[in-house]
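Some notes on the structure that comes next.
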Amino acid sequence: MARVLITGGAGFIGSHAADTLLSAGYEVRLLDNLTTQVHGTSRKPPVYLNPEAELSIGDVTDPLALDRALRGVDKVLHLASAVGVGQSMYDMVSYVHTNEVGTATLLEALAKRPVARLVVASSMSIYGEGLCQDGSKALVDPSERSSQQLRNRRWELQDENGGPLTPLPTPETKQPTLSSVYALNKYAQERLCLMVGKAYGIPTAALRFFNVYGQRQALSNPYTGVLAIFAARLRNGRSPMVFEDGLQRRDFVHVLDVANACRLALESEHNGEVFNIGSGQSRSILSVASDLARVMDRRDLKPLITGKYRVGDIRHCFADIEKSHRLLKFSPRIEFTCGLEELADYLADQIADDHVERATEELASRGLVA
Ligand SMILES: NC(=O)c1ccc[n+]([C@@H]2O[C@H](COP(=O)([O-])OP(=O)(O)OC[C@H]3O[C@@H](n4cnc5c(N)ncnc54)[C@H](O)[C@@H]3O)[C@@H](O)[C@H]2O)c1
């Protein structure tokens, strides 16, 4: 069976992808630098790592580490990234270095040592606002909300005449609108891999993940996924903090479905394609905060609606998964309530340091939260 290298393989999605691939009979090697923000200052390999996976501790920006990690590898799943949208707006050098220089370093190594397939993690953040329709049902690619609109706390998207817009599932054909350094990084990673893959004859696919949730997401990292952030607050007896009015909509997809999508993309023969990986359903952030409090038995901790906004945040985006269903045979299986209940069981004995207020202050001190 083929050997797969997963960069960032000790992280949340990478560790689940490793389990899925090992169960399917692959050999798996992980390259990970055990970043402190994700793995803590001890930088010990996480206990959840599958012992059958070979861990190579090293940095994706280090050509020697890559050279070692790529020996005998048939396919690559490139997940290593710095992942915080807000943090990327001030820690720019580090984000561009890890995400863009890291991807370019991997590609230079692959140009010397080509593999049979490359799959790269992209993100829904590249879309900016999701697709919408106006009152006459015409499709609209909404522009970013103006600072004035946000200062006036008018959160909803509007058409040019001030009419309301209704969000629709966003297909891969929507033009990217890059509103954070992280979004720019993810788009650069996706384009670099598709372009260099084509030039060197390495069949490549990019997966645009939506909001992934589930066990093992770093709870003490205040820049990670919104559900992990809410969970860390609730575990510490604090209300989840919700930006704007909480009615912004996102697409939550379970990490086991995402791990399966990674396997399907590694096994597919479709070359040069991008695929949305989401649940295809939308939920408001406010409802998700309440649902999580309920399954964690903390109904008393009502979501705190801050009425503040983060620069570069979008209002609504959820996935149209028709293409990934048609070409990859991807079908998300884990229903949201079941996924949340499983997450709550896992959280019951996790320690979560809550750094959310500190992270919000950090953003506010730079004018990135208002
Ligand atoms: N989790 C989500 O909701 C989501 C959504 C969209 C896209 N993605 C993408 O999926 C991928 C995996 O994300 P995740 O949620 O598992 O994040 P994660 O932070 O849990 O995992 C990332 C892993 O990469 C490692 N890493 C970071 N910098 C590295 C470097 N320079 N060299 C080697 N390893 C390095 C970290 O130590 C970590 O183990 C990322 O590319 C991310 O951008 C995630």
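The values are calculated or read from the model by the stated rules, or taken from the named source; none is laboratory data. Treat the numbers as computed from the prediction; the structure is a model and nothing was measured. Reconstructed Cβ throughout: ideal geometry from the backbone, glycine too, with neighbour counts over all protein chains shown. Remember, those area values only see protein heavy atoms, side chains included, never the ligands or the DNA or RNA. Shrake-Rupley method; radii C 1.70, N 1.55, O 1.52, S 1.80 Å.
Here are the numbers for the structure shown:
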| quantity | calculated |
| --- | --- |
| Within segment 176-210, tally of residues that are open to solvent by 30 Å² or more (accessible area, probe 1.4 Å) and within 16 Å of residue 314 (Cα to Cα) | 4 |
| Subset of segment 122-168 (residues that are open to solvent by less than 40 Å² (accessible area, probe 1.4 Å) and on the phi > 0 side of the Ramachandran plot) | 128 |
| In segment 19-37, residue most open to solvent (accessible area, probe 1.4 Å) [restricted to those that are within 9 Å of the ligand (Cβ to nearest atom) and in contact with a strand residue (DSSP E or B) (Cβ under 9 Å, 6 or more places away or on another chain)] | 33 |
| Among the residues listed as 77, 118, 106, the single one being outside any loop (DSSP other than H, G, I, E, B), modelled with pLDDT of 95 or more, in contact with a strand residue (DSSP E or B) (Cβ under 8 Å, 6 or more places away or on another chain) and more than 13 Å from the ligand (Cβ to nearest atom) | 118 |
| Residue in segment 31-53 that is assigned to a helix (DSSP H, G or I) and at pLDDT 95 or above present | no |
| All positions within segment 1-18 that are assigned to a loop (DSSP other than H, G, I, E, B) and within 13 Å of the ligand (Cβ to nearest atom) | 8, 9, 10, 11 |
| Count of residues meeting criterion [more than 11 Å from the ligand (Cβ to nearest atom), within 18 Å of residue 88 (Cβ to Cβ) and not in a loop (DSSP other than H, G, I, E, B)] in segment 183-232 | 6 |
| Inter-residue pairs, beta-carbon under 6 Å, first among the charged types (D, E, K, R) and in segment 338-352, second surrounded by 13 or more Cβ atoms within 10 Å (Cβ to Cβ), 6+ apart | 341/295 |
| Filtered residue count, segment 133-187, keeping only those that are over 28 Å from residue 83 (Cβ atoms) and of a type in the set (A, V, I, L, M) | 4 |
